[in-house]
Amino acid sequence: MNNIALIPARSGSKRVKNKNIKKLDNIPLINYTINSAINSGFFDRIIVVTDSAEYEKIATDAGAESLGLRPKNISESNSPDIEWVKWIFKKLDDKNYDFDTFSILRPTSPFRTKNTYDRAFELFFKNKVHSLRAVEKVSQHPGKMWVIEGDKMSPLLPNEINGIPWHSNQKASLPEFYVQNASFEIAWKSTVLKYNSISGTIISPFITEDFEGFDINTNTDFELAKKIVNK
């Protein structure tokens, strides 16, 4: 079984400048992901997919490899993942390199552990799915969310329990919901080829624990991550 890791590191983040290489405890953020992938022992190749020569050098110095810079037209803030995934697949195919699974490990999630990888791959292979995706229980329940149009609003989910709208029930009475985080995605190569999708249609949930699903997107997140590292 050939497993590869893909680390997408687009430059040009707007909320936090150079987020993917911003230093956390004097270490570039992307290095945490590269180091954990190397130490996991699961991957035959660990490939950074970036549009930045600066990011590429930092990643390759840390032990990842690069197959060239990602084109700018698939590196926009609204570029879907499937575009760069198919681009890197073509690069690997041009080199006659075959593989079975790929994992997407985003640099903004620095606290994966060996246990994270062990549990994720065990679930993926056991459940016989197209893909696996990391999720965590929502803190803000969608049953309490609203859509505003003009000067009126309506519930996002107009569901009821015994005739009482979700938004007027106690949160404990509502079904559990989960939101994806940036820590882990695994899929078969065949999933992309068959479904033109990085997830397919049969997806296993990987429920993250403690800080392994922590995702850094803002400067406030960075400050919290510093506290986590210090602990």
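Might you work out the accessible area of E223 for me, using a 1.4 Å probe with all protein chains in place, and round it to the nearest 10 Å²?
Rounded to the nearest 10, that gives 100 Å².
Would you mind checking which residues have amide H under 5 Å from N181's amide H? H placed 1.01 Å from N; only 5 or more apart, or other chain.
Sorted by chain and number, the residues that satisfy this are A134, V135, E136.
Classify the stretch 1-134: rounded, prolate or oblate, from the alpha-carbon gyration tensor (a ≥ b ≥ c, eigenvalue square roots; a/c under 1.5 rounded; otherwise prolate if a/b is larger than b/c)?
In terms of gyration-tensor shape, oblate.
Loop-only GluC sites (Glu not before Pro) in the stretch 44-80, please: DSSP not H, G, I, E or B, and at most 12 other Cβ atoms within 10 Å.
Listed in order of number, the matching sites are E76.
Shape verdict for the stretch 142-229, please, from the Cα gyration tensor: rounded (a/c under 1.5), prolate (a/b greater than b/c) or oblate.
oblate
How far is it, in nm, from the label point at E54 to the one at Q140 when both lie 7 Å from their Cα along the line to the Cβ?
About 3.1 nm separates the two model spin labels.
Taking 0.36 nm per residue of separation and subtracting the Cα-Cα distance, what length does fully extending K23 through I148 add?
41.1 nm
Does the stretch 182-231 come out rounded, prolate or oblate by the C-alpha gyration tensor, with a ≥ b ≥ c the root eigenvalues, rounded set by a/c under 1.5 and, if not, prolate when a/b is larger than b/c and oblate if not?
Cα axes put the stretch 182-231 in the prolate bin.
Just how far, in whole angstrom, is the stretch 106-120 from the stretch 63-77 if you go by their alpha carbon centroids?
Cα centroid to Cα centroid, the span is 22 Å.
Of A172, A182, A64, which has the largest mean-square fluctuation in a 10 Å C-alpha GNM of the chain?
A172
If you place +1 on the Cβ of every Lys and Arg and -1 on the Cβ of every Asp and Glu, how big does the dipole about the Cα centre of the stretch 90-207 come out, in debye to the nearest 20?
Result for the stretch 90-207 is approximately 280 debye, rounded to the nearest 20.
About its Cα centre, how strong a charge dipole does the stretch 1-77 have in debye, to the nearest 20, once Lys and Arg get +1 and Asp and Glu get -1 at the Cβ?
420 debye
Under unit Cβ charges (Lys, Arg +1; Asp, Glu -1), what dipole magnitude, rounded to 20 debye, does the chain have relative to its Cα centre?
240 debye
What per residue convex hull volume, in Å³, do the alpha-carbon atoms of the stretch 104-166 yield?
191 Å³
Relative to the longest principal axis of the chain, what angle (0 to 90°, nearest 10) does the C-alpha long axis of helix 114-127 take?
Once rounded, one gets 70 degrees.
Between M145 and residues 5 or more places away or on another chain, which pairs have amide H atoms under 5 Å apart, with H built 1.01 Å from N, and which residues are they?
L156, L157
Just to be sure I understand, if you calculate mean projected area of the Cα convex hull in nm² for this structure, which of (1) 13.0; (2) 12.1; (3) 15.5 do you get?
Identified label for the calculated read-out: (3).
The values are calculated or read from the model by the stated rules, or taken from the named source; none is laboratory data. From a predicted model like this one, the values you see are computed outputs, not experimental measurements. Quick reminder, even Gly has a Cβ in these numbers, built from the backbone with ideal geometry, and neighbours come from all protein chains shown. To get the accessible areas, we keep the full protein, side chains included, count just its heavy atoms, and leave off ligands, DNA and RNA. Shrake-Rupley method; radii C 1.70, N 1.55, O 1.52, S 1.80 Å.
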